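Let me begin by presenting the structure, written as structure tokens, before commenting on it.
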Amino acid sequence: MPLSMKPLFASYNPPIAPKRIPQATNSDHFNQNSLPTAHKLSTAHDHTLSLPLKHYNYGSKHDADKIHSQHARKLKEVKHVLSKAGEDPLEGLYMIDAIQRLGIDYHFQEEIKTVLRRQNMISSACGYNDINNQPYETALRFRLLRQDGYYVSSALFNNFKDKERKFKSSLVGDIKGLKGLYEASQLSIEGEDILDEAGEFSRQYLTEWATRLDHQQTISITDTLKNPRHKSLARFTTKNIQTNIQGTNEWINVVQELALIDSHMVHEIHQKEIHQILKWWKDLGLANELKFARDQPLKWYMWPMACLPDPILSEQRVELTKPLALLYIIDDIFDVRGTHDELKHFTEVVNRWELDAAEQLPDYMKICFKALYDITNEICNKVYKKHGWNPMESLKKTWARLCNAFLLEAQWLAHGIYPKREEYLKNAIISTGVHMVLVHTFFFLGQGITNETVDLLDDVPGIISSTAKILRLWDDLGSAKDENQDGRDGSYLKCYMKEHCGSSIKDTREHIISMISDEWKCLNKECLYSYPFPTSFKNVSLNAARMVPLMYNYDDNHRLPSLEEHMKSLLIGGVVTQQNELTIVSRIKAEG
């Protein structure tokens, strides 16, 4: 039976919120070439504090009390050590790097900002050259400051070039320095040729070293090349970083102990969220009604889990999974089930956003639109109550735009059209669903909501479009391993080869890889100059781009073994009941 057309929520038209949220200022915004020293560019301050994890239950009360006591003690100890280490220009950097790599930096945001602020003041006073002229430390300071929103000129790496403007030969044997240079190069923006040179130089020699060293050193080098910090998700790579942590044993042990306890507590939070999502998905009934569509709630949940890693954002992760589920269902309607006339009618209904207009749709489409309509209204009610802003117009626009993009792709397919690559990519920015997801996330976070930011979101700003291009190009690259690849919604690879007759698969793939690199540079620039968007939203865009390689790294059997492995390690752990573990394991196997 179709889902009931009875409204799921009492209110469908929450009142429009007064435009009462103050607009962010831009006192620190400037052109990157205007000043030689670093300045903090991000002006929107985040006020999200970590939720005390004691609000969650961990087995028996005795177990919970023991875990929380240990966690509180270790947390206090690490804060004390970080404060002390921050007085040393290098040790503070080492400790921040370790804390971030272990994914526990959300506990120490204020302490980290204090250390980096001091680092920037000292460094700028010395022109970034006189503190320490060692490659690794210079590269680490550059990376940490840039990641935190300070513009530091890449020209400082000229200090490691010889008179012929080539990187000094002495660097070749400095494995630690090479790793630092490679990590720093990942934060390059357009026009920073010296960082491109540093990246290629360090990659070349690190690759050579990896073939000549012992197993443990090779693992460390390979991990740096495969998972550079800036382009990786901490919680997905913590198992591999032990050999890449620098610093003294005095604090390394206590930081790792805190990270272990923290991971158990975070596991429990994720398991509770999974329980909520699976119940919501079952109650919604779409899996039973739309047998042709994907039934992968755990895989959908991995996106919010990656993009919103702070434990305090539990509600946001659960809520974001809902539009993500609808994104995949609607994508399957366009790719698998709908006829051209049905898809055209469905798109018209979404653009009109009226339940009455859906009456003439086939039952399966009527069911889907009803779910979309109800869930969107529920989201708007929640956002309005929590943040005082009704996002209905923005959400309706983004769903309409998404369906319009899906329909255009369906029309290209139906008529055997390969559009120009620019036209394909322009439409793909929307059809990836990145814009829809990030617009929802912006309102869930509730920070920096103004008329200005909402209008910018509607226009698909660079901080969204770059992430969308990275996703689309990665997807097309991964699913186009040979000339017989034939995706239902097209491929940039084929569009490019149609325009460039004679271009080989190999050359085209290299071109796409170069494009992905260029989009990362654009995203880096957008995040460095993040005004008027808050840091929290910047981090969501970055995390979405970081998740892409995992989500689209298919093997020859069209499975995602890396993602499945990470799902098990991230969702099973801590204090978990046998029943919950069996449910999660069976779900992972089914969705694989």
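The values are calculated or read from the model by the stated rules, or taken from the named source; none is laboratory data. Given the structure is predicted, the values throughout are model-derived calculations rather than measurements. All Cβ positions, even for glycine, are placed from backbone atoms using ideal geometry, and neighbour counts span all protein chains on display. Please note that ligands, DNA and RNA were not included when accessible areas were found on the heavy atoms of the full protein model with its side chains. Shrake-Rupley method; radii C 1.70, N 1.55, O 1.52, S 1.80 Å.
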Per-region count, segment 428-455, residues more than 20 Å from P323 (Cβ to Cβ), of a type outside the set (D, E, K, R) and not in a loop (DSSP other than H, G, I, E, B): 1
Filtered residue count, segment 341-351, keeping only those that are over 22 Å from M392 (Cβ atoms) and open to solvent by 70 Å² or more (accessible area, probe 1.4 Å): 2
Extreme residue, modelled with the lowest pLDDT, among residues of segment 245-258 that are farther than 16 Å from I104 by Cβ and assigned to a helix (DSSP H, G or I): N249
Test: S170 is open to solvent by 50 Å² or more (accessible area, probe 1.4 Å), hydroxyl-bearing (S, T, Y) and more than 26 Å from M265 (Cβ to Cβ): yes
Residue within segment 572-591 that is closer than 30 Å to G462 by Cα, open to solvent by 40 Å² or more (accessible area, probe 1.4 Å) and either in contact with a Leu (Cβ under 8 Å, 6 or more places away or on another chain) or modelled with pLDDT of 85 or more (or both) present: no
Helices (runs of 4 or more DSSP H) enclosed by segment 278-347 - at least 1 residues per element that are of a type in the set (S, T, N, Q) and under 22 Å from the mean Cα position of the chain (by Cα): 314-332
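So that you can scan it fast, the table gives a plain yes or no per residue for (1) touching a strand residue (DSSP E or B) at 6+ places or on another chain (Cβ under 8 Å); (2) modelled with pLDDT of 95 or more; (3) surrounded by 23 or more Cβ atoms within 10 Å (Cβ to Cβ); (4) small (G, A, S):
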{"residue": "K299", "(1), (2), (3), (4)": "no, no, no, no"}
{"residue": "C307", "(1), (2), (3), (4)": "no, yes, yes, no"}
{"residue": "T321", "(1), (2), (3), (4)": "no, yes, yes, no"}
{"residue": "D335", "(1), (2), (3), (4)": "no, no, no, no"}
{"residue": "W353", "(1), (2), (3), (4)": "no, yes, no, no"}
{"residue": "M365", "(1), (2), (3), (4)": "no, yes, no, no"}
{"residue": "C368", "(1), (2), (3), (4)": "no, yes, yes, no"}
{"residue": "D374", "(1), (2), (3), (4)": "no, yes, no, no"}
{"residue": "G388", "(1), (2), (3), (4)": "no, yes, no, yes"}
Residues of segment 149-167 that turn out to be crowded, with 18+ Cβ neighbours inside 10 Å and not in a helix (DSSP H, G or I), as a count: 6
Hits in segment 209-228 - residues which are under 24 Å from E564 (Cβ atoms), assigned to a helix (DSSP H, G or I) and either open to solvent by less than 40 Å² (accessible area, probe 1.4 Å) or not basic (K, R) (or both): I219, T222, D223, L225
Residue satisfying condition, being charged (D, E, K, R), assigned to a helix (DSSP H, G or I) and open to solvent by 70 Å² or more (accessible area, probe 1.4 Å), within set E190, E200: E200
Unmet requirement for T138, which otherwise passes all of (1) in contact with a helix residue (DSSP H, G or I) (Cβ under 9 Å, 6 or more places away or on another chain); (2) open to solvent by 60 Å² or more (accessible area, probe 1.4 Å): (2)
So L206, is it outside any helix (DSSP H, G or I), modelled with pLDDT of 95 or more and either surrounded by fewer than 16 Cβ atoms within 10 Å (Cβ to Cβ) or among the aliphatic types (A, V, I, L, M) (or both): no
Residues satisfying the stated conditions in segment 478-501, i.e. of a type in the set (K, R), modelled with pLDDT of 75 or more and open to solvent by 100 Å² or more (accessible area, probe 1.4 Å): K498
